[in-house]
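Colleague: Please see the structure below; I have some questions.
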Number of protein chains: 2
Amino acid sequence: MKIIEGGVCAAKGFSANGLWCGIRKNKTKKDLALIVCEVPCTAAAVYTANLVKGAPLIVNQAHLRDGRAQAVICNSGIANTCNADGIEVAEKMAELAGQALGLPAADVLVGSTGVIGQPLPVAPIAAALPELAAGLSADAAGSDRAEAAIMTTDTQPKSVAVAFELDGKVCHLGGIAKGSGMIHPNLATMLVYLTTDAAISAEMLQAALSEDVRHTFNMTSVDGDTSTNDNVILMASGLAGNTPVTAPGGDFDTFMRALNTVTVALCRMIAGDGEGATRLLECSVTGAADEAAAKKIAKAVICSSLVKAAMFGADANWGRVLCAIGYAGAPVDVSRVAVTFRSAAGEVLVCENGSGVAFSEEEAKAILLEKEIDIVIALGDGDASATAWGCDLTYDYVKINGDYRT
Amino acid sequence: MKIIEGGVCAAKGFSANGLWCGIRKNKTKKDLALIVCEVPCTAAAVYTANLVKGAPLIVNQAHLRDGRAQAVICNSGIANTCNADGIEVAEKMAELAGQALGLPAADVLVGSTGVIGQPLPVAPIAAALPELAAGLSADAAGSDRAEAAIMTTDTQPKSVAVAFELDGKVCHLGGIAKGSGMIHPNLATMLVYLTTDAAISAEMLQAALSEDVRHTFNMTSVDGDTSTNDNVILMASGLAGNTPVTAPGGDFDTFMRALNTVTVALCRMIAGDGEGATRLLECSVTGAADEAAAKKIAKAVICSSLVKAAMFGADANWGRVLCAIGYAGAPVDVSRVAVTFRSAAGEVLVCENGSGVAFSEEEAKAILLEKEIDIVIALGDGDASATAWGCDLTYDYVKINGDYRT
């Protein structure tokens, strides 16, 4: 498997574009993205667990009932959520994009991200679609324009792709993501668009995506708020020419590894670029009694405001890690817990058998001043493990969210 | 029922004191408190739900097995949690206090609050106990000194008391609390010491306290972190001379009302003085299908980092309230939800039937600039209700917790 360029356009058949259409006031920020495949794709998706679901998600659930899609249109600036006319507007977006591309509306998926509860105007989208469609390109530049258009408070674009082999054919799988705030297990304001040219049935595509998000996007938290508009979409064009994957087995496993490589990379980008973040946190738990316990503990640590604030201050306050382990809701023998902080600058054991051990504060500080920090927890209760991703809690998180709308 | 002075010394028989003994470096901050009754008391307590429990809590559980206590000794600065010798040290504190007061160690309860994982030295406590015991006084000044000694990052003392009548006799119930960070349902770094002179059996005292905390301390959150050292203790001297309350009925209900008046007041003080807080938030949910749903929703809203940050910015971003309702984990018909922001400056309806309604941003801003904000949620699903308390998320929360230990 090889990391390659191209993002959402790395897979054969896909092109993309992004531009400013006028939903945002700031003309220097793109706000409308289009991703299109030259052939119909099998498609799979996962949706936020929030009972309040953005209108685009309701429309996507209907459009994906046949496991088939060919394009995605997505705006940023306004979430199209909690609007009386939301579904109507989301359907209209699909219809307008379909008209511009010569596709049935039912094969177009829709995304929106931004402020909840503001009406989303259709006119700027309708007016911009001819230019948006005309500017589609099947290269990294097209993918980058689409990525720029779905970003909200993101400071960094998030894009990755891999090449891998199935059945002797070179396949590609890549994607773009937006993250930032409201990022929390099950899911987040994450919009993630993944494309592949591997041939794979809609059923196996959904199986792959559903299993993968359990370990990736559902283990990523920026601020504990589960957004209303999260949506991960995976489209497969089949243009790589491999024998279609229609059942579990070696090819499916290879596909899962490619998918996981891309999604873990995107999760790390999303967590590391959390609103106001200065540090990417990875919490790995080993020695848990079962996977559920490992996941609960990794998530609790990554979600703790106090752990997050301590990491912002590069303060090796491991007691807060123990505290989060204790309230995670998983049965754990606290007297066997060991905690290590690790980064590019080295590692330091701070707790063993549930109690503090002597360590150099200076050395710990140097380790925690790095940009990527691993909080490594060994439980000693069994063989299960899990990893979660998050970020530190900073002044800028408060600043960004203290007055987001104005 | 009447609010009175005196805090933890308002009830007959109780005296208190607090001083600096040397656990904290800063000599201007008291760090050791003592509360004593002149007669043995029936006593009840509730403890943190965290699996990592501070050593004092383990000792208190043992000392309270007989439902009886006569004194509390509590230090701030170090939590005596995750220390290999923690229980030994906590037992020693009870023993030393007992010696100074002429009481068996088993009738002394222990509390510690502060940094987790640092050894707690016994020597400064032993050295200070004679002076601490000699300075006990049965008045508001004594209560205030004890309160000052249990505070950590609290900026305001938290003390309240009421007078009420049972069986024709005037009774008193009062208490002191420390709050600030790690405040979260089930419970928090809350230490709350309550005293009463009502005569009430240990069994009914525990029943009253256990029922009350469900609606008060367990509905209060500052930062979502459930502390390791939370402990609410309620001691009853019986010196008011009423016929002892030994069963449910009118007198028990009266006692519950007195207790609830004191605990709600302390919860509001704790939430309003959350670390870095500039605003007290109260979220009241009505029209829920059942109490569990009402409680889940009220807690989810009060715990949302995004709602908290919006309140800091006085931003009427009600979409975040809807979002929190949606992920609270309670079944709710989102299309019936109404949300109102209310304060001393007025009230504004911002959402009805799950969608936004037109409102004046200027008027909303004026309402949200007040110190106490009510987020009023009407669900329309049934008759159950609940209230939760919290605070806004501010730069100072991050500052305080970014480098707490140094």
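Colleague: Accessible area, 1.4 Å probe, largest first: how do B:Lys299, B:Lys169, A:Lys308, B:Lys25 sort? Working shown, then result.
Modeller: Details: B:Lys299 55, B:Lys169 90, A:Lys308 10, B:Lys25 195 Å².
Final ranking, largest accessible area leading: B:Lys25, B:Lys169, B:Lys299, A:Lys308.
Colleague: For the protein assembly as shown, what does -39500 (n - 2.57) per DSSP helix run (n ≥ 4), summed and divided by total residues, give at 222 nm, in deg cm²/dmol to the nearest 500?
Modeller: Helix contribution divided over all residues of the protein assembly as shown: -10000 deg cm²/dmol.
Colleague: Over region A:1-83, what is the relative contact order in percent, taking alpha-carbon pairs closer than 8 angstrom and at least six residues apart?
Modeller: Relative contact order here is 31 percent.
Colleague: In the full protein assembly as shown, how much of A:Thr263 is accessible to a 1.4 Å probe, in Å² to the nearest 10?
Modeller: 0
Colleague: Related question: Quick one: if the Förster radius is 35 Å, what FRET efficiency do A:Lys29 and B:Ala141 give, using the C-beta to C-beta distance and rounding to 0.05?
Modeller: On the way: r = 60 Å, r/R0 = 1.72.
E(calc), rounded to 0.05, equals 0.05.
Colleague: Continuing with the same structure: How high is the relative contact order of region A:2-272, in percent, with contacts defined as C-alpha pairs under 8 Å that are six or more residues apart?
Modeller: Details: 764 pairs, mean separation 70.5, N = 271.
RCO, region A:2-272: 26 percent.
Colleague: Would you mind getting the accessible area per residue of chain A, heavy atoms of the protein chains only, 1.4 Å probe, in Å²?
Modeller: 33
Colleague: Let me ask another. For region A:358-406, which residues drop by 10 square angstrom or more in accessible area between the chain on its own and all protein chains together (1.4 Å probe)?
Modeller: Buried by the other chains: A:Glu361, A:Lys365, A:Leu393, A:Tyr395, A:Tyr397, A:Val398, A:Lys399, A:Asn401, A:Gly402, A:Asp403, A:Tyr404, A:Arg405.
Colleague: Beyond 27 Å, what share of the Cα-Cα pairs of region A:2-272 remains, rounded to the nearest whole percent?
Modeller: 28
Colleague: From the cross-link list A:Lys25/B:Lys308; B:Lys29/B:Lys158; B:Lys178/B:Lys365; A:Lys158/A:Lys295; A:Lys371/B:Lys399, which pairs have alpha carbons spaced over 21 Å apart? Walk me through the numbers before you get to the answer.
Modeller: Numbers: A:Lys25/B:Lys308 26 Å; B:Lys29/B:Lys158 16 Å; B:Lys178/B:Lys365 31 Å; A:Lys158/A:Lys295 25 Å; A:Lys371/B:Lys399 19 Å.
Violating the 21 Å limit, Cα to Cα: A:Lys25/B:Lys308; B:Lys178/B:Lys365; A:Lys158/A:Lys295.
Colleague: OK, next. Quick one: order B:Tyr47, B:Tyr395 from most to least accessible surface, probe 1.4 Å.
Modeller: Values: B:Tyr47 50, B:Tyr395 80 Å².
So the residues, ranked largest to smallest area, are B:Tyr395, B:Tyr47.
Colleague: Once amide H atoms are placed 1.01 Å from N in the peptide plane, what residues at a sequence separation of 5 or more from B:Val337, or on another chain, have their amide H within under 5 Å of its amide H?
Modeller: B:Asn353, B:Gly354
Colleague: Let me ask something else about it. I'd like the accessible area for B:Cys303, computed on protein heavy atoms only with a 1.4 Å probe and all protein chains in place. Round to 10 Å², please.
Modeller: Rounded to the nearest 10, that gives 40 Å².
Colleague: Okay, next question. Among DSSP beta bridges lying fully in chain B, give the percent that are antiparallel, nearest 5.
Modeller: Here the antiparallel bridges make up roughly 70 percent for chain B.
Colleague: Nearest 5 percent is fine: what portion of the DSSP beta bridges confined to region B:280-402 is antiparallel?
Modeller: In region B:280-402, approximately 75 percent of DSSP beta bridges are antiparallel ones.
Colleague: Also, I was wondering about something else. Note the distances from A:Ser360 to each other copy's matching label point, with points 7 Å along the Cα-to-beta-carbon direction, in nm, sorted shortest first.
Modeller: Label point to label point, same position, other copies: 6.4 nm.
Colleague: Moving on to the next point. Using a 7 Å offset from the Cα along the Cα-to-Cβ direction at both A:Ala366 and B:Ala123, what is the distance between the two label points in nm, to one decimal?
Modeller: Inter-label distance under the simple model: 3.2 nm.
Colleague: Output the residues of region A:325-339 meeting this criterion: accessible area (heavy atoms, 1.4 Å probe) in the chain alone minus accessible area with all protein chains in place is 30 Å² or greater.
Modeller: Residues shielded by partner chains are A:Gly326, A:Tyr327, A:Val334.
Colleague: Using 7 Å Cα-to-Cβ label points, what is the B:Arg336/B:Glu5 separation (nm, one decimal)?
Modeller: 5.1
Colleague: What is the interface area between chains B and A, defined as buried accessible area summed over both chains with a 1.4 Å probe, reported in Å² to the nearest 100?
Modeller: Summing both chains' loss of accessible area gives about 4100 Å².
Colleague: Largest first, please: the extent of the C-alpha atoms of region B:225-271 along each principal axis, to the nearest Å.
Modeller: So the extents along the principal axes, rounded to whole Å, are 41, 19, 19.
Colleague: Helix B:123-134 versus the longest principal axis of chain B: what is the Cα-based angle in degrees, 0 to 90, to the nearest 10?
Modeller: 80
Colleague: Just to compare against my own numbers: the Cα pair-distance distribution for region A:31-185, 5 Å bins, whole % per bin, please.
Modeller: For region A:31-185, the pair-distance distribution reads 2, 9, 17, 22, 22, 17, 7, 3, 1, 0, 0.
Colleague: A further question on this structure: Quick one: if the Förster radius is 45 Å, what FRET efficiency do B:Val39 and B:Ala345 give, using the C-beta to C-beta distance and rounding to 0.05?
Modeller: Values: r = 49 Å, r/R0 = 1.09.
E(calc), rounded to 0.05, equals 0.40.
Colleague: Going by a ≥ b ≥ c, the root eigenvalues of the Cα gyration tensor, does region A:340-385 fall in the rounded group (a/c under 1.5), the prolate group (a/b larger than b/c) or the oblate group?
Modeller: It is oblate, given that a/c is not under 1.5 and a/b is not larger than b/c.
Colleague: Related question: What is the mean number of Cβ atoms from other protein chains located within 10 Å of the Cβ atom of each residue in peptide A:308-321, rounded to a whole number? Present the calculation step by step, with values, prior to reporting the outcome.
Modeller: On the way: counts 5, 11, 5, 1, 5, 9, 2, 6, 1, 9, 3, 12, 10, 2.
That works out to 6 on average.
Colleague: With heavy atoms of protein chains only and a 1.4 Å probe, what residues of region B:71-98 have at least 10 Å² less accessible area in the full set of chains than alone?
Modeller: Relative to the lone chain, where solvent access is computed with a 1.4 Å probe, region B:71-98 loses at least 10 Å² at B:Cys82, B:Ala84.
Colleague: Right, next: With each label point set 7 Å from Cα along the Cα-Cβ vector, what nm distance links B:Glu88 and A:Ile58?
Modeller: Label-label distance for B:Glu88 and A:Ile58, simple model: 6.5 nm.
Colleague: Which percent of the accessible heavy-atom area of the protein assembly as shown goes to carbon and sulfur, probe 1.4 angstrom?
Modeller: About 52 percent, which is the carbon plus sulfur part of the accessible surface.
Colleague: For region A:85-170, what does the alpha-carbon gyration tensor say about shape, rounded, prolate or oblate, given a ≥ b ≥ c as the root eigenvalues, a/c under 1.5 as rounded, and a/b over b/c as prolate?
Modeller: Details: a/c = 1.97, a/b = 1.47, b/c = 1.34.
Cα axes put region A:85-170 in the prolate bin.
Colleague: Moving on to the next point. Given axes a ≥ b ≥ c from the Cα gyration tensor, I'd like to know whether region A:280-402 is rounded (a/c under 1.5), prolate (a/b larger than b/c) or oblate.
Modeller: The shape class here is oblate.
Colleague: Using θ = phi - 60° and the Karplus form 6.51 cos²θ - 1.76 cosθ + 1.60, what ³J(HN,Hα) does each residue of region A:72-88 get, whole Hz, x for Gly and Pro?
Modeller: For region A:72-88, the Karplus curve yields 10, 10, 9, 10, 10, x, 9, 7, 6, 9, 6, 10, 4, 9, x, 5, 4 Hz.
Colleague: In addition: Using modelled backbone amide H atoms (1.01 Å from N, in-plane), which distant-in-sequence or interchain residues come within less than 5 Å of A:Gly54's amide H?
Modeller: A:Asn229
Colleague: Any idea what the alpha-carbon Rg over 2.2 N^0.38 Å comes to for the protein assembly as shown?
Modeller: 1.02
Colleague: Hey, another quick one. Over the heavy atoms of B:His172, what accessible area does a 1.4 Å probe trace out, to the nearest 10 Å²?
Modeller: For B:His172, solvent-accessible area is about 30 Å².
Colleague: Using only the Cα atoms of region A:228-354, what are the Rg and Dmax in Å?
Modeller: 18.7, 55
Colleague: How large is ³J(HN,Hα), in whole Hz, for each residue of region A:145-162 in order, when computed from phi with the Karplus curve 6.51 cos²θ - 1.76 cosθ + 1.60 and θ = phi - 60°, using x for Gly and Pro?
Modeller: 5, 5, 4, 4, 6, 8, 5, 10, 8, 4, 9, 10, x, 10, 8, 7, 8, 9
Colleague: Measuring from a point 7 Å out along Cα→Cβ, what nm distances, shortest first, does B:Glu5 have to its partners in the other copies?
Modeller: 7.9
Colleague: Sorted by accessible area (1.4 Å probe), largest first, how do B:Thr220, B:Thr28, A:Thr243, A:Thr42 line up? Mind showing how you got there, number by number?
Modeller: Working: B:Thr220 0, B:Thr28 125, A:Thr243 85, A:Thr42 35 Å².
Ranking B:Thr220, B:Thr28, A:Thr243, A:Thr42 by accessible area, largest first, yields B:Thr28, A:Thr243, A:Thr42, B:Thr220.
Colleague: Next up: Using amide H atoms built in the peptide plane, which far-off residues or other-chain residues are under 5 Å from B:Ala49 H to H?
Modeller: B:Leu187
The values are calculated or read from the model by the stated rules, or taken from the named source; none is laboratory data. The model shown is predicted, which means the values in this text are computed figures rather than measured ones. Here the Cβ is made from the backbone with ideal geometry for all residues, glycine too, and neighbour counts use every protein chain on show. We work out accessible area using only protein heavy atoms, side chains counted, and drop any ligands, DNA or RNA first. Shrake-Rupley method; radii C 1.70, N 1.55, O 1.52, S 1.80 Å.
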